[in-house]
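Taking it in order: structure first as structure tokens, then the write-up.
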Amino acid sequence: MDVFSRFKPSDLINLERYPLADKSCPTRQVVIQDIKRQLDTDGCAVLTDFLSPKGLSQLLAEAQERRPFAYFSEQKKTNVYFSEDDPSLPKAHPRRIFLDRTNGFVTGDCFEASTASRTLFHWSALKLFIQECLGKQSLYEYADPVADMPINVLTPGGQFNWHFDTNEFTITLLLKSATSGGHFEYAPNLRNESDECYEDVAAVLGGDKTRVKRLDLRAGDLQLFLGRFSLHQVTPNTGATDRLVLIMSFAEKPGMIGSLARTKELYGKVTDAHIQAQQHHVRADKLLD
Ligand SMILES: [Fe+2]
């Protein structure tokens with residue numbers, strides 16, 4: 001990918017502090033161990049000033065150029081599990097509490113191979129670094145041309161209310177913070193594999209901040225977050241400008257492509273790759289030829 005780009009990925013990041021490409025550099029190992037410790041402790045690690053000034057200004061400019069193409073799915077109310085209502089439960093149960101959620105994305109297919117954003121996303125040294133931080137045997141970029149590296153747009157008045165993620169980890173780069181509000185908050189390890197801990201979830205939804213941490217994220221910071229067990233939200237953007245985040249989507253298995261229905265709902269479009277993947281899945285499951 002690099003050959004198509006006029007950007008050198010190492011120029012886009014704060015290489016002195018984060019020497020990703022030099023596997024023999026002791027600083028790289030120290031950084032990885034520090035991130036692993038943070039992830040073990042509460043499922044969240046932040047690499048402050050990860051982007052270089054040049055990298056930040058270029059990635060932000062690319063996101064803003066494409067901002068007119070952002071798709072906003074209908075504002076919906078969701079519970080923290082993204083599940084349907086269950087009228088058999090009491091009204092105060094967390095599964096019955098539905099909160100506002102605003103979703104806007106500039107999709108990955110808006111970024112040509114020559115962009116700095118895509119150059120950084122496809123940089124093998126970055127992928128290997130993240131893989132080591134997460135302690136994974138392998139890591140692959142999404143094969144999904146829409147969802148591989150979308151920009152999440154949080155407009156003034158928008159919010160992304162409390163939820164658990166369905167994916168194990170999320171890698172994001174904050175490109176522009178809100179001038180007011182738009183804070184990332186999370187309650188580390190609020191549930192676990194064997195217990196939904198409904199009472200604890202209900203407490204947070206009811207406004208109890210005892211277990212809630214707020215991150216002071218700044219533009220240029222890289223965040224690694226394990227969102228399956230930590231309830232989290234982005235508070236309402238009370239400023240007058242967008243909050244912009246680049247999401248870099250990786251998976252442990254190759255060929256990750258979103259379903260037709262989910263992709264259409266969230267991003268407002270699908271590509272041939274989605275249609276073919278869907279057909280392939282059906283054939284792989286049902287047919288022998
Ligand atoms: Fe999330």
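The values are calculated or read from the model by the stated rules, or taken from the named source; none is laboratory data. Nothing here was measured: the structure is a model prediction, and the numbers come from that model. Here Cβ is always computed from backbone atoms with ideal geometry, including for glycine, and neighbour counts include all displayed protein chains. Only protein heavy atoms, including side chains, enter the accessible area calculation; ligands, DNA and RNA are left aside. Shrake-Rupley method; radii C 1.70, N 1.55, O 1.52, S 1.80 Å.
With a cut-off of 12 Å on the backbone N, the residues of region 191-211 near the modelled label site 7 Å out from A92 along Cα-Cβ are 199, 202-203, 206.
Rounded to the nearest whole Hz, the Karplus-based 3J(HN,Hα) values (6.51 cos²θ - 1.76 cosθ + 1.60, θ = phi - 60°) of region 43-59 follow the sequence x, 9, 9, 10, 9, 5, 6, 5, 7, 6, x, 5, x, 4, 5, 6, 5, with x at glycine and proline.
Between C25 and Q137, the modelled labels are 3.0 nm apart [label points 7 Å from Cα along Cα→Cβ]. Under the simplified labelling scheme, the K54-A273 pair shows an inter-label distance of 2.8 nm, with each label point 7 Å from Cα along Cα→Cβ.
Name the lysines eligible as straight-distance cross-link partners of K213: C-alpha to C-alpha under 24 Å, and not fewer than 8 places from it in the same chain. Filter leaves K36, K77, K176.
Applying both filters, DSSP loop and at most 12 other Cβ atoms within 10 Å, to the chymotrypsin sites (Phe, Trp or Tyr not before Pro) of region 47-115 gives F82. If R0 equals 30 Å, the separation of the Cβ atoms of K76 and A202 corresponds to a calculated FRET efficiency of about 0.90. Express in Å², to the nearest 10, the accessible area of K8 obtained by rolling a 1.4 Å probe over the protein heavy atoms while all chains stay in place. The accessible area of K8 comes to roughly 120 Å². Charge dipole of region 49-182 (Cα centre as origin; +1 on each Lys and Arg Cβ, -1 on each Asp and Glu Cβ, all else neutral): 360 debye, rounded to the nearest 20. Annotation for region 233-276 versus region 59-73: alpha-carbon center distance of 13 Å.
When the chain is fully extended, how far beyond the present Cα-Cα distance does L128 get from K209, taking 0.36 nm per residue of separation? Don't skip to the answer; put the middle values down first.
Values: separation 81, 0.36 × 81 = 29.16 nm, distance 3.59 nm.
Result: 25.6 nm gained on full extension.
Where only DSSP H runs of four or more residues are counted, the chain gives -8500 deg cm²/dmol as its mean residue ellipticity at 222 nm, each run worth -39500 (n - 2.57).
Can you give the accessible area per residue of the chain, in Å², using a 1.4 Å probe? List each step's numbers first, then the result.
Working: 14310 Å² over 289 residues.
Per residue, the chain has 50 Å² of solvent-accessible surface.
Here's the list of aspartates and glutamates a cross-link from K54 could span, going by alpha-carbon distance under 15 Å and ignoring same-chain residues fewer than 8 apart: D11, E16, E62, D221. Of the residues P236, P87, P188, the one that moves most in a GNM of the chain with alpha-carbon contacts below 10 Å is P87. Share of carbon and sulfur in the accessible area of the chain stands at 52%, probe radius 1.4 Å.
For V46, the accessible surface of its heavy atoms amounts to roughly 40 Å² (probe 1.4 Å, protein chains only, rounded to the nearest 10).
Which of the lysines could a cross-linker bridge to K253, judged by Cα under 20 Å and excluding same-chain residues fewer than eight apart? Output for K253: K127, K136.
The label point for A113 and the one for E265, both projected 7 Å from the Cα toward the Cβ, are 3.4 nm apart.
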